[in-house]
Every structure is written in C-alpha cells, then in structure tokens.
1. Using a 1.4 Å probe on the protein heavy atoms, what percent of the accessible area of the chain belongs to carbon and sulfur?
2. Taking each pair of distinct Cα atoms in the range 1-58 once, what is the resulting Kirkwood hydrodynamic radius in Å?
3. Give me log10 I(q)/I(0) at q = 0.14 Å⁻¹ for the chain, Debye formula, one equal scatterer per alpha-carbon, no solvent.
4. For the range 183-200, in order, what is each residue's ³J(HN,Hα) by Karplus, 6.51 cos²θ - 1.76 cosθ + 1.60 with θ = phi - 60°, in whole Hz (x at glycine and Pro)?
5. Quick one: which residues, 5 or more positions from residue 69 or on another chain, have an amide H under 5 Å from its amide H? H modelled 1.01 Å from N in the peptide plane, none for Pro or chain starts.
6. Read phi for every residue in the range 58-69 and hand back ³J(HN,Hα) as whole Hz from Karplus 6.51 cos²θ - 1.76 cosθ + 1.60, θ = phi - 60°, with x for Gly and Pro.
7. Rolling a 1.4 Å sphere over the protein heavy atoms, what is the accessible area per residue of the chain, to the nearest Å²?
8. Using the Karplus curve 6.51 cos²θ - 1.76 cosθ + 1.60 with θ = phi - 60°, what ³J(HN,Hα) values do you get for each residue of the range 26-42, in whole Hz, with x for Gly and Pro?
Amino acid sequence: GKFKTFTTTDGLPDDVITELDKDREGNIWLGSANGAGRYSHGVFTQFTTADGLSDNSVTAICADSSQGILLATGAHLHRFVDGKFYSVNGLVESGDGQLDHLVSGSDGSIWLGFRNAVVKRWKNGSVNKFARPGNFTGRINQLYEDPRGTVWLAQQQWLARFRDGKFESVPLRDVGGTSLGVVYSVLIDREDNVWLGFQSSGLARLTTKQLFT
C-alpha cells in the first residue's frame with residue numbers, strides 16, 4: 001500500500017523516465033535520455049548503444065506487440081532479440097522526423113507517429129503511410145487505439161480518427177465556436193465517451209452523439 005521510489009542507485013538508466021510499457025511476460029520497460037531499462041523480478045537491467053541502440057535517447061517504447069519489444073531512438077526503430085537491440089530497416093524515411101509514438105494495434109499492426117506529422121502502419125511486412133485530414137502539420141501529441149480498435153490522432157488543436165482507410169477530422173469547438181486549445185491526451189471510457197486533456201484548458205468530454213453528428 002505504499003509507493004517505493006527508484007533512482008539510478010537502484011539501477012535506473014536515469015532519474016528522469018520519459019517512457020513506460022509492460023511486455024507480455026510482465027516486465028516493465030523504461031525509456032530515458034541515457035538509455036532503456038527493464039525491471040524484471042526486482043532487478044533493473046540497462047540497455048544502451050553497447051547493446052545495439054543507435055542512440056541512448058529513447059523516444060518511444062512498444063513492449064507488447066506482434067513484433068516483440070520495439071524501441072525508438074530519434075529516427076531509428078529497434079527490435080529486441082536475444083538480449084540485444086537490432087535496427088528495423090525500411091520503415092523510416094529521411095523526411096519523417098523523430099519517431100515519437102509506437103502503438104500496437106489489436107489487428108497485429110504497429111502504428112508509428114513521427115515528429116513531422118507523419119503516420120505509418122506496419123503490418124504483415126508492408127508499410128502504409130497516411131495523410132492527415134486537411135494535411136495538418138505540426139507535432140503529434142498522442143497516437144492511441146481505443147478498446148474497439150479505432151486509432152485516434154491528437155495533433156496540436158486537432159483530433160482525428162482512423163475510419164475506412166483514412167484519418168478524418170473530429171471538430172473540437174465549444175458552443176461559441178472557440179477552439180478548445182492544444183490536445184495533449186486522449187482516452188475512451190467504457191461508455192464510448194472521448195476524454196481530452198488540453199495543454200492549458202483542462203478537460204473536455206465528447207459524447208457518442210457529438211462524434212457522429
């Protein structure tokens with residue numbers, strides 16, 4: 001019933017942890033500016049460039065995917081195999097920017113979100129690149145799959161969802177038509193309401209009726 005604080009003295013790669021995920025064996029994976037870490041059976045193990053990473057600054061982790069443990073450092077994607085990380089080629093192009101988001105889809109796909117507003121889906125060995133609604137530009141703040149398998153994209157003051165093979169915009173305005181601000185986080189509750197967390201405007205809730213009108 002109490003919190004225990006872990007630091008670098010306990011084996012963390014850094015005291016500032018920016019990424020967290022759990023793999024299928026129950027191990028906790030952590031990302032930081034000084035490498036990755038794995039917490040297993042009470043012991044931390046660190047992973048750095050000496051273990052195959054292209055850079056020590058971890059930008060995204062997807063530990064429960066059809067491709068095993070995936071980890072991003074900058075513009076590079078890595079897969080964990082037999083205790084080391086290996087680069088995954090053919091997914092990142094020079095204009096994509098930093099790989100900030102990795103999402104494991106319920107259909108076995110891997111979704112990748114890049115700093116330059118690029119979204120890709122990797123499935124069955126093939127890669128598809130998707131245009132944002134209205135070709136919006138700007139940093140992607142969240143890429144999220146809800147319990148029904150719908151993928152959501154939060155980007156600056158915009159929210160989009162993936163339907164019928166493309167991303168479509170979801171209007172985000174209050175009753176007076178004013179923009180609600182920069183969307184930082186998205187979550188779907190058990191009643192299919194969409195909860196949005198904003199940079200400086202609190203919370204908003206979109207009901208199913210609002211989404212389909």
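1. Using a 1.4 Å probe with all protein chains present, the chain comes out at 46 percent carbon and sulfur.
2. Kirkwood hydrodynamic radius for the range 1-58: 11.7 Å.
3. -0.90
4. Calculated HN-Hα couplings, in order: 7, 9, 8, 9, 8, 9, 8, 6, 9, 6, 6, 9, 9, 10, x, 9, 4, 8 Hz.
5. Residues meeting the criterion, in which the H sits 1.01 Å from N, are 80.
6. Computed from phi, the couplings for the range 58-69 are 8, 10, 6, 9, 10, 9, 10, 10, 5, 9, x, 7 Hz.
7. I get 54 Å² per residue for this part.
8. Computed from phi, the couplings for the range 26-42 are x, 6, 9, 9, 10, x, 8, 6, 10, x, 9, x, 10, 9, 9, 6, x Hz.
The values are calculated or read from the model by the stated rules, or taken from the named source; none is laboratory data. Since we're looking at a predicted model, the values are computed, not measured. Only protein heavy atoms, including side chains, enter the accessible area calculation; ligands, DNA and RNA are left aside. Shrake-Rupley method; radii C 1.70, N 1.55, O 1.52, S 1.80 Å.
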